[in-house]
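Written below as structure tokens is the structure these notes are about.
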Amino acid sequence: MRKLLSLFIILITGFIFIGRLFYMQVVDTSFVALSESNAISVDYDYPQRGYIFDRNGELLVSNQPSYDVMAIPREIKPFDTLEFSGLLNISKERLENQLDKAKIFSPRLPSVIVPQLTKNEFAYLQEKMRKYEGFYIQKRSLRDYKTDNSASVLGYISEVTNAEVDELTYYKSGDLIGRSGVEKQYEDVLRGVKGVKYTQKDRFNREIGSYKEGIYDTLPVKGKDITLTLDAKLQAYGEKLMKGKRGGIVAIEPSSGEILSLITAPSYDPDLLVGRKRSKNFTKLWYDSISKPLLNRGLQAMYPPGSPFKALTGLIALEENVIDTKEGISCHMGFSYGRSARMGCHHHASPLSMTPALAQSCNTYFAKSYRRIIEKFESSEKGMDAWNKHLESFGLGGFLGNDLPVGQPGRIPDGEYYNKWYPGGRWTATYTLSNAIGQGEVLATPIQLANFTAAIANRGWFYTPHILKEIDDSPIKNEKFTKKKQTTISKENFEPIIEGMFGVYEYGTAKFLKIPGVEICGKTGTAENFTKIDGERTQLTDHSIFVAFAPKNNPKIAIAVVVENGYWGSRYAGRIASLMIEKYLKEEISRTDLEDWILNNSLEEEYAKPLSGEPFLINQ
């Protein structure tokens, strides 16, 4: 009986242990994670990031090797911190601070102590690392920029934050992530997939081999290469022309919506934000509140569009049947309206019909056309709403939906907007007359200006502008960028406007900018420019604006150029746009007189005037 009782007790005890082990190993997975974290080390093999090419196959961004000094706090044995900090070329205080941060993050997970060593630093340090238990060197790749331009488009990468590690399961402390431009927008495509290696350890924390013979180990998968729509040569040439100026250039292929050039000035060399120097250089760029090199003016700066907007005013007037192409309107150096208001205009022949009025940029013609549009409807509010809907169909007054992570919507006011300004609806078309010529409350970004120019070039339709052309040699199939968007304007109404824009080069405000052998349609613009100085609204030198497309038939390029404080449309922006068009279509420059003038003239003194107190040139 006693033998049976003893056997029974042994069996019961055995079942209890077996049940407990089963519960710990199968039912309660938290014990699995705990045991694995103690007995298994996880090492990541970082993939190469995908390469970036321009539309012609020119390599823009590749990779270069980099090495991080890593530490697992709980595995660190006592060591000479002064000696080790000297080897790492950092202060003892910084080393201790990094180790404290690593312990707070996790005692058992690796943390970056010193990121992005160079090849020489790695070679020197590698032989000495065996003295410092708990530390090791991890290889990864940094970006290697093959160009000194296009920084705002390409973007940069940097280490993930703790918040990102908590939110995004893919990333671990010390991982790199795209921060701006294409690097950010296409992070999931470019980053690749990390390889993982699991190593078994004994109770003395010594490696004893691959965990389960490596069945869970994986190799890294390189990120996918991408081809951008940019033309690298055109991009470099545009940045060269914008030296000493501030503003933006956007060029689009009308037939596809592909962005050929996207320039912001001033810019910076993308290599400045690579490696250990990134943080210091970024701080300098960030705190430059005067020239603002980190601001992508092509996508984010909102300007009054000025006289290029007259092309849209004319299109809406034709669509709403408030004017025809033959009617002549007299202009006596301006348009008087209301009790004492007057919109000035420059000297030109009078009267003018629509096509020559656009070529000569007559303010009076388009102010009267705008007034007729608004007054066609039973109330100014409804008239303004109809005007607004037409403009929205050209991609104005909202985000275009292009595939870059920054942008601004611009502003196209509607009836509700003015009802807030004038309660009770007691306002008329004359209250908003400046809208007719791209002033007043109208604002647009350079990419919006280029897009509506592309829509005019296409006689009424456009594709959403985009920067991505191919992923691993496969063309993009995103319907967002391959579906035509129609404007509200009938196709036949574009012809007189296009003839007027062609006339700008033939006999109008840009006739001295003609390019031999190229039929260009364009429009000059001069936009008033205000800022606050010592709390007072101050008018600065006008912005120079120009839009154009070429050739006139079967257009290959549509472009918008904005040069801040550039005096008037044809002075800076017109010259730059003409040169960019010739560069793209002919690859060589015949108008070296225009090129020499642009390269030898700077606006730096103009930009210094708010600080120097010198007078501005207004309406010159």
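Considering only residues that are part of a helix (DSSP H, G or I) and either at pLDDT below 95 or in contact with a Phe, Trp or Tyr (Cβ under 8 Å, 6 or more places away or on another chain) (or both), which ones fall in region 239-271?
Selection gives PRO270, ASP271.
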Checklist entry - Can you name the residue in region 404-422 that is out of contact with any Leu (no Cβ under 7 Å at 6 or more places or on another chain) and charged (D, E, K, R) and is also least open to solvent (accessible area, probe 1.4 Å) among such residues? => result ASP414
Item to check | Which listed residue is of a type outside the set (D, E, K, R), at pLDDT below 95 and under 24 Å from GLU392 (Cβ atoms), from ASN565, ASN478 | outcome: ASN478
Checklist entry - Can you find even one residue in region 174-183 that is within 20 Å of the chain's Cα centre (by Cα), charged (D, E, K, R) and modelled with pLDDT of 95 or more? => result yes
Next on the checklist: Of the conditions (1) more than 19 Å from ILE456 (Cα to Cα); (2) out of contact with any strand residue (DSSP E or B) (no Cβ under 9 Å at 6 or more places or on another chain), ASN493 satisfies every one except a single condition; which number is it?
Outcome noted: (1)
Checklist entry - Scanning region 582-594 for residues that are touching a residue at least 40 places away in the same chain (Cβ under 8 Å) and assigned to a helix (DSSP H, G or I), which turns out nearest to the chain's Cα centre (by Cα)? => result TYR584
Checklist entry - Any residue in region 112-119 that is within 19 Å of LEU273 (Cα to Cα) and either out of contact with any strand residue (DSSP E or B) (no Cβ under 9 Å at 6 or more places or on another chain) or part of a helix (DSSP H, G or I) (or both)? => result yes
Checklist entry - What number of residues within region 366-388 are assigned to a helix (DSSP H, G or I) and within 18 Å of ILE489 (Cβ to Cβ)? => result 12
Checklist outcome for this item: Scanning region 479-502 for residues that are under 22 Å from GLU258 (Cβ atoms), out of contact with any Lys or Arg (no Cβ under 6 Å at 6 or more places or on another chain), in contact (Cβ under 8 Å) with a residue 60 or more places away in the chain and not in a strand (DSSP E or B) gives LYS480, PHE481, THR487
Checklist entry - Out of all the residues in region 509-553, which are open to solvent by 70 Å² or more (accessible area, probe 1.4 Å) and of a type in the set (Lys, Arg)? => result LYS511, LYS514, LYS532, ARG537
Checklist entry - Which pairs have Cβ atoms under 6 Å, sit 6 or more apart or on different chains, and link a residue in region 297-324 that is under 15 Å from ARG246 (Cα atoms) and part of a loop (DSSP other than H, G, I, E, B) to one that is open to solvent by less than 10 Å² (accessible area, probe 1.4 Å) and among the hydroxyl-bearing types (Ser, Thr, Tyr)? => result MET302/THR445
Item to check | Some residue of region 167-182 being of a type outside the set (A, V, I, L, M), open to solvent by less than 30 Å² (accessible area, probe 1.4 Å), within 20 Å of MET70 (Cβ to Cβ) and not in a loop (DSSP other than H, G, I, E, B) | outcome: no
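For (1) of a type outside the set (Phe, Trp, Tyr); (2) open to solvent by 20 Å² or more (accessible area, probe 1.4 Å); (3) under 25 Å from ARG191 (Cβ atoms); (4) touching a Cys at 6+ places or on another chain (Cβ under 7 Å), each residue gets a yes or a no:
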residue	(1), (2), (3), (4)
LYS224	yes, yes, yes, no
LEU230	yes, no, yes, no
ALA236	yes, yes, no, no
GLY257	yes, no, no, no
SER261	yes, no, no, no
ALA265	yes, no, no, no
Next on the checklist: Can you pull out every residue in region 272-296 that is among the hydroxyl-bearing types (Ser, Thr, Tyr), free of Cβ contacts under 8 Å to residues at least 60 places away in the same chain and assigned to a loop (DSSP other than H, G, I, E, B)?
Outcome noted: TYR287, SER289
Next on the checklist: For region 503-533, give me each residue that is among the basic types (Lys, Arg) and outside any helix (DSSP H, G or I).
Outcome noted: LYS514, LYS523, LYS532
Checklist entry - Which numbered condition trips up ASP473, out of (1) open to solvent by less than 40 Å² (accessible area, probe 1.4 Å); (2) touching an Asp or Glu at 6+ places or on another chain (Cβ under 9 Å); (3) not β-branched (Val, Ile, Thr)? => result (1)
Item to check | In region 97-111, residue farthest from VAL165 (Cα to Cα) [restricted to those that are assigned to a helix (DSSP H, G or I) and of a type in the set (A, V, I, L, M, F, W, C)] | outcome: LEU99
Item to check | From the options LEU433, LEU391, residue that is under 25 Å from ILE557 (Cβ atoms) and either open to solvent by less than 20 Å² (accessible area, probe 1.4 Å) or part of a helix (DSSP H, G or I) (or both) | outcome: LEU391
Next on the checklist: Looking at region 413-437, I want the residues that are within 20 Å of MET343 (Cα to Cα) and among the hydrophobic types (A, V, I, L, M, F, W, C) and have a partner that is in a helix (DSSP H, G or I) and open to solvent by 60 Å² or more (accessible area, probe 1.4 Å) with Cβ atoms under 7 Å, at least 6 apart or on another chain. Which pairs are those?
Outcome noted: ALA429/ARG371; ALA429/GLU375; LEU433/ARG371
Item to check | Candidate set: region 72-97, residues that are within 39 Å of the chain's Cα centre (by Cα) and farther than 22 Å from ALA123 by Cβ; chosen: the one most open to solvent (accessible area, probe 1.4 Å) | outcome: GLU93
Checklist entry - Looking at (1) surrounded by fewer than 18 Cβ atoms within 10 Å (Cβ to Cβ); (2) without any contact (Cβ under 8 Å) to a residue 40 or more places away in the chain; (3) in contact with a strand residue (DSSP E or B) (Cβ under 8 Å, 6 or more places away or on another chain); (4) not polar (S, T, N, Q), which is the only condition LYS197 fails? => result (2)
Item to check | Output for region 137-158, where each listed residue is aliphatic (A, V, I, L, M), touching a strand residue (DSSP E or B) at 6+ places or on another chain (Cβ under 7 Å) and under 13 Å from ARG179 (Cα atoms) | outcome: VAL153, LEU154, ILE157
Checklist entry - Somewhere in region 75-90, is a residue in contact (Cβ under 8 Å) with a residue 40 or more places away in the chain, in contact with a helix residue (DSSP H, G or I) (Cβ under 6 Å, 6 or more places away or on another chain) and assigned to a loop (DSSP other than H, G, I, E, B)? => result no
Item to check | Unique residue being touching a strand residue (DSSP E or B) at 6+ places or on another chain (Cβ under 7 Å) and of a type in the set (Ser, Thr, Tyr) when the list is SER66, SER85 | outcome: SER66
Checklist outcome for this item: Given (1) out of contact with any Ser or Thr (no Cβ under 9 Å at 6 or more places or on another chain); (2) crowded, with 16+ Cβ neighbours inside 10 Å; (3) free of Cβ contacts under 8 Å to residues at least 40 places away in the same chain, LEU579 misses just (3)
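The values are calculated or read from the model by the stated rules, or taken from the named source; none is laboratory data. Remember, predicted model here, so these are calculated numbers, not experimental data. Cβ sites come from the backbone with ideal geometry, for glycine too, and all protein chains shown count toward neighbours. When the accessible area is computed, the model is the full protein with side chains, heavy atoms only, and any ligands, DNA or RNA have been set aside. Shrake-Rupley method; radii C 1.70, N 1.55, O 1.52, S 1.80 Å.
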